[in-house]
Amino acid sequence: MIIAGITFYALAAVAVAAGLMVISARNPVHSVLFLILTFFTAAGLFVLMGAEFLAMILVVVYVGAVAVLFLFVVMMLDVDFVQLREGFLQYLPVGGIIGLVMLVELILILGTAVGSPEISAGKAGVPIPAVEEVSNTKALGQVIYTKYVYVFQAAGMLLLIAMVGAIVLTLRARPGVRKQSIAAQVGRSREDSVEVRKVEPGQGV
């Protein structure tokens, strides 16, 4: 119980501090790194509550989507890639500290799961209700795809609209770049594409 409480307060403090740094950091790269740390810490809190499926979804989906978010931020702010690569070493200390904090959190979570198995059994204060011996993933799927199926589909449509809007906002017209025109290719006639020339013997084209 003591280990579980210490782990919870440590992860909660790191999550709050990292969330504040996300909105207060002036450098977009630092904000993305702190956002990854916030997601990772929230995943640790989900593990402590026995929601391991939500923890994995948070790490796999959202932390993976942060890379796409970073690309959109770079394109929207028109950050110079050459200058960004040159300043890689100045981001290394911040990234190293965040990576070290994530490693410590992982050790705390694994140590709590091994040293206090009563947490996963629902004996660490607030009992975890048993859903007729159904796994966490199956119970969550039954709720999402039955009771909240329309809300789930609406959320998916909103995310799709947001993704298309971000692509449209970052799309730039670059002069001098050759692009494929499907309509021009389909509308070509034989006369426009093929030229038949009669070559006399002994003469070049």
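The values are calculated or read from the model by the stated rules, or taken from the named source; none is laboratory data. Owing to the predicted nature of the structure, the values given are computational and were not obtained by experimental measurement. So basically every Cβ, Gly included, is an ideal-geometry build from the backbone, and we count neighbours across all protein chains shown. Surface accessibility is based on the protein's heavy atoms, side chains included, excluding ligands, DNA and RNA. Shrake-Rupley method; radii C 1.70, N 1.55, O 1.52, S 1.80 Å.
For the pair LEU169 and SER189 in one chain, pulling the backbone fully straight at 0.36 nm per residue adds 3.6 nm over the alpha carbon distance. Note on ILE182: accessible area is roughly 100 Å² with a 1.4 Å probe, heavy atoms of protein only.
Order 27-37, 99-109, 137-147, 4-14 from most to least packed using the mean count of other Cβ atoms within 10 Å. Display every interim value, and only then the final one.
On the way: 27-37: 19.2, 99-109: 14.5, 137-147: 12.3, 4-14: 16.4.
Going by the mean number of other Cβ atoms within 10 Å, highest first, we get 27-37, 4-14, 99-109, 137-147.
With a 1.4 Å probe and all protein chains left in place, how much of the accessible area of the stretch 1-62 comes from carbon and sulfur atoms, in whole percent? The C+S portion of the solvent-accessible surface of the stretch 1-62 is 82 percent. Summarising the label geometry, the points placed 7 Å from Cα in the beta-carbon direction at VAL104 and VAL68 lie 3.3 nm from one another. In plain terms, the chain from LEU20 to ILE2 could stretch by 3.8 nm, reckoned as 0.36 nm per residue minus the Cα-Cα distance.
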